[in-house]
Amino acid sequence: MTGPDAGLENGPSLKPLLSVLKGEYLSPPPMWLMRQAGRYLPEYRELRARKGGFLELVYDSAAAAEVTLQPLRRFGFDGAILFSDILIVPYAMGQNLWFEAGEGPRLAPTLDETDLSALKPDFSRFEAVYETVRRVRADLDPEVTFLGFAGSPWTIATYMVAGQGSKDQGAARRLAYQQPERFAAIIDAIVDATVIYLSGQIKAGVEAIQLFDSWAGSLAPLQFERWVIQPNRRIVEKLKALHPDIPVIGFPKGAAEKLADYAVGTGVDAVGVDESVDPHWANRALPQGMPVQGNLDPLALIAGGKAVEEAVANIRAAFAGRPHIFNLGHGILPDTPIAHVEALLTVIRQPESR
C-alpha cells in the first residue's frame, strides 16, 4: 500500500532514501543530486587539480572516497553516490581509457573497427572502485543511503563502438541495424561485465544501484525495446538473483513516452524521470505505487529563486502520495551556485501543505 496514509509524515526512518526505494511514502521527500560530487564544488576542483586528472582521481580510492563524501558534509543529502565513471566497465572489458582535456573520454580500440574477441578483459580494474566503496561505507552517516551505479548496456555500447561520445550515437545505431548479431554480442558482454561490477559494489557496501542509460532517447521504439529494455531487464534479473534486497533505480534519459514500458519491462524498483518529462504525466503513466526519482531541470537550479520554487512545487504536487526521491532531471551543472543548492534543500525540506 502506498499513499500519504501508508507511509510516514516526518516520522522516524533510519535511512529515508532507502525506505522510499522500498515503497514507503515520506514527506518531505529524501533527496540527492546526480553528479553531486563534482565540478561545482571548490573542494572537488582543488583535489582534482592535485591529482592531475579525472581517471587518476577515480583510481585513487582514498581521493575518490573523499570526493564521494564532500557533498554530504556540505549539504547533508540523504544519498551518497559513488564517485567513479560509467566507462570503468569497458576499461575492464579490455579497451584502453583516457580523458582528453576539454574533450572528454576516449576508448580504444573501437568496436566499429575491432571485433569484441580482440579485447582482453581484466576485471581487476574494478578493485580500486570496490576499495572506494569500502572506505566510504566506513565513514558514512548511518542515515545516508549509499548508491552504486553503472552505465546501462546501450549507453556503454555507444562509447565502445565509437570510442567517444557523440551527439546522435550514429555509429552504434548503424551497427545495431546493419549487424544486429554482432551488436547483440557486444550488449551481452556488457551485461555480464556490468553484473560482475555491480555485484562487487554491493558486496563492498553499496545499498542501492542506479543504472544510467544516458542515450536511451536516441533509439526508435523497436530498437529501444531490444537494446534498452531487454538488456536492463537481464541485469536486474541477474542482480536480484544474487542480491534480492538491493533496490535498482533505472534512469533512461530521453525515454519520453516509452518510460512506462521501461518501468514495467525492466523490472527496476524505481524510475528516474528526466527534466523533459511532465511529472503529472509520469505519475499517471507509471505503475501505481512505484517509486520515482526526479526531475528538476538543472538549469532551473542555476536560475534559482522563483524558478526553483515553482518547479519544486509542481514536482511535489505531481508525485504527492507516491514514493518520491527528489533529484534533478540530469546531472548538476558545473556553474551551479552553491547558494542555490542550499536554498533548494530549504525548499525541499518543508513538509507538503495540506
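Looking at region 115-204, what helices (runs of 4 or more DSSP H) fall wholly within it and have at least 1 residues that are among the polar types (S, T, N, Q), in contact (Cβ under 8 Å) with a residue 24 or more places away in the chain and surrounded by fewer than 20 Cβ atoms within 10 Å (Cβ to Cβ)? It would help to see each step written out before you state the result.
On the way: elements: 127-139, 153-162, 170-178, 180-204.
Filter on region 115-204 gives 180-204.
Using beta carbons and a limit of 6 Å, which pairs, at least six apart or on different chains, have the first residue in region 285-297 and on the phi > 0 side of the Ramachandran plot and the second one surrounded by 24 or more Cβ atoms within 10 Å (Cβ to Cβ) and of a type outside the set (A, V, I, L, M, F, W, C)?
The qualifying pairs are Gly294/Gly272; Gly294/Asn327; Gly294/Gly329.
Among the helices (runs of 4 or more DSSP H) confined wholly to region 264-331, which include 3 or more residues that are touching a Ser or Thr at 6+ places or on another chain (Cβ under 8 Å) and not polar (S, T, N, Q)? Before the answer, list the steps.
Working: elements: 279-285, 298-303, 305-318.
Once the helices (runs of 4 or more DSSP H) in region 264-331 are filtered for at least 3 residues that are touching a Ser or Thr at 6+ places or on another chain (Cβ under 8 Å) and not polar (S, T, N, Q), what remains is 298-303.
Among the residues of region 37-58, which ones are in a helix (DSSP H, G or I), open to solvent by 70 Å² or more (accessible area, probe 1.4 Å) and out of contact with any Asp or Glu (no Cβ under 7 Å at 6 or more places or on another chain)? Quick ask: steps written out before the conclusion?
So in region 37-58, the residues in a helix (DSSP H, G or I) come out as 42-51, 54-58.
From what is left, the residues that are open to solvent by 70 Å² or more (accessible area, probe 1.4 Å) are 45-46, 48-51, 56.
Once the filter is applied, which keeps residues that are in a helix (DSSP H, G or I), open to solvent by 70 Å² or more (accessible area, probe 1.4 Å) and out of contact with any Asp or Glu (no Cβ under 7 Å at 6 or more places or on another chain), region 37-58 yields Arg45, Glu46, Arg48, Ala49, Arg50, Glu56.
For region 134-158, which residues satisfy the criterion of being of a type outside the set (S, T, N, Q) and under 20 Å from Pro90 (Cβ atoms)? Give the steps one after another, and end with the answer.
Taking region 134-158 as the starting set, the residues that turn out to be of a type outside the set (S, T, N, Q) are 134-144, 146-151, 153-154, 156-157.
Of everything in region 134-158, those that are of a type outside the set (S, T, N, Q) and under 20 Å from Pro90 (Cβ atoms) turn out to be Gly148, Phe149, Ala150, Gly151, Pro153, Trp154, Ile156, Ala157.
Here is a yes/no grid of residues against (1) out of contact with any Leu (no Cβ under 9 Å at 6 or more places or on another chain); (2) among the aliphatic types (A, V, I, L, M):
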site	(1), (2)
Asp269	no, no
Glu275	no, no
Pro291	no, no
Asp297	no, no
Ala303	yes, yes
Val308	no, yes
Asn314	yes, no
Arg322	no, no
Ile325	no, yes
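Listed residues Leu47, Leu69, Leu33, Leu87; which is closer than 15 Å to Ala162 by Cα and aliphatic (A, V, I, L, M)?
Values: Leu47 fails: closer than 15 Å to Ala162 by Cα; Leu69 fails: closer than 15 Å to Ala162 by Cα; Leu33 fails: closer than 15 Å to Ala162 by Cα.
Exactly one residue qualifies, and that residue is Leu87.
Can you pull out the residues in region 177-197 that are within 19 Å of Tyr159 (Cα to Cα) and under 20 Å from the mean Cα position of the chain (by Cα)? Outline the logic, then answer.
Residues of region 177-197 within 19 Å of Tyr159 (Cα to Cα): 177-195, 197.
Listed by number, the residues that qualify are Ile187, Ile190, Val191, Asp192, Ala193, Thr194, Val195, Tyr197.
Between a first residue in region 73-100 that is modelled with pLDDT of 95 or more and a second residue that is among the acidic types (Asp, Glu) and open to solvent by 10 Å² or more (accessible area, probe 1.4 Å), which pairs have beta carbons less than 8 Å apart while being 6 or more apart in sequence or on different chains?
If the second residue must be among the acidic types (Asp, Glu) and open to solvent by 10 Å² or more (accessible area, probe 1.4 Å), the pairs left are Phe75/Glu342; Asp78/Glu143; Ala92/Asp122; Gly94/Asp122.
Under the condition of being open to solvent by 60 Å² or more (accessible area, probe 1.4 Å) and assigned to a helix (DSSP H, G or I), which residue from region 237-263 is nearest to Asn314 (Cα to Cα)? Break it down stepwise before answering.
Going residue by residue through region 237-263, those that are open to solvent by 60 Å² or more (accessible area, probe 1.4 Å) are 237-238, 241-242, 244-245, 257, 261.
This time we only want the ones that are assigned to a helix (DSSP H, G or I), so: 237-238, 241-242, 257, 261.
Values: Glu237: 34, Lys238: 37, Ala241: 38, Leu242: 38, Glu257: 20, Asp261: 24 Å.
By that ranking, first place goes to Glu257.
Can you tell me which residues in region 68-103 are within 20 Å of the chain's Cα centre (by Cα), open to solvent by 20 Å² or more (accessible area, probe 1.4 Å) and not hydroxyl-bearing (Ser, Thr, Tyr)? Quick ask: steps written out before the conclusion?
We begin by selecting, within region 68-103, every residue within 20 Å of the chain's Cα centre (by Cα); these are 68-72, 75-92.
Imposing the further condition that a residue be open to solvent by 20 Å² or more (accessible area, probe 1.4 Å) reduces the set to 72, 76, 78, 85-86, 91.
Within region 68-103, Leu72, Gly76, Asp78, Asp85, Ile86 meet the criteria.
Given the conditions (1) closer than 25 Å to Lys253 by Cα; (2) open to solvent by 10 Å² or more (accessible area, probe 1.4 Å); (3) in contact with a helix residue (DSSP H, G or I) (Cβ under 6 Å, 6 or more places away or on another chain); (4) not hydrophobic (A, V, I, L, M, F, W, C), and given that Ser61 satisfies all but one, which numbered condition is not satisfied?
(1)
The values are calculated or read from the model by the stated rules, or taken from the named source; none is laboratory data. Note that this is a predicted model, so its numbers are computed, not measured. Virtual Cβ from ideal backbone geometry, glycine too; neighbours counted across all protein chains shown. Surface accessibility is based on the protein's heavy atoms, side chains included, excluding ligands, DNA and RNA. Shrake-Rupley method; radii C 1.70, N 1.55, O 1.52, S 1.80 Å.
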